[in-house]
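Below: the structure, in structure tokens.
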Amino acid sequence: MKSKKVECAYVGEMKRRSWAKSITWRIIGIVILGAITWLITNSWEQTSLITITFHGIRLFLYYLHERWWDNCEWGRIKFNGNLEKGEGI
């Protein structure tokens, strides 16, 4: 089979990308938890405290989780410059 050259291959993520993904994912979670908390407590003060604390912790943990997976070799396809059809890509 003929090899196909690929001009670009992604081999990891920059820390900024991991932070951007962490923040956008947390924004979704903040909206959901904020709405649920406000419906239960009917207090903006309690809603703010619970939501900010919870998501501040989760943001940091998600970032660490992303960086760990970025350094993990398991499940990655190694790129050597040539891709054969049917290599799982």
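Amide H of E13: which non-local residues (sequence gap of 5 or more, or other chain) have their own amide H closer than 5 Å, using H built in the peptide plane?
Here nothing satisfies the definition.
Plugging the Kirkwood radius over Cα pairs into Stokes-Einstein for segment 27-70, at a temperature of 4 °C and a viscosity of 1.567 mPa s, what D comes out in µm²/s? Don't jump to the answer; show the numbers that get you there.
On the way: Rh = 11.1 Å.
In µm²/s, the coefficient rounds to 117.
Values quoted throughout were computed directly from the atomic coordinates according to the rules given, and no laboratory measurement underlies them. None of these values were measured; they are calculated from a predicted model.
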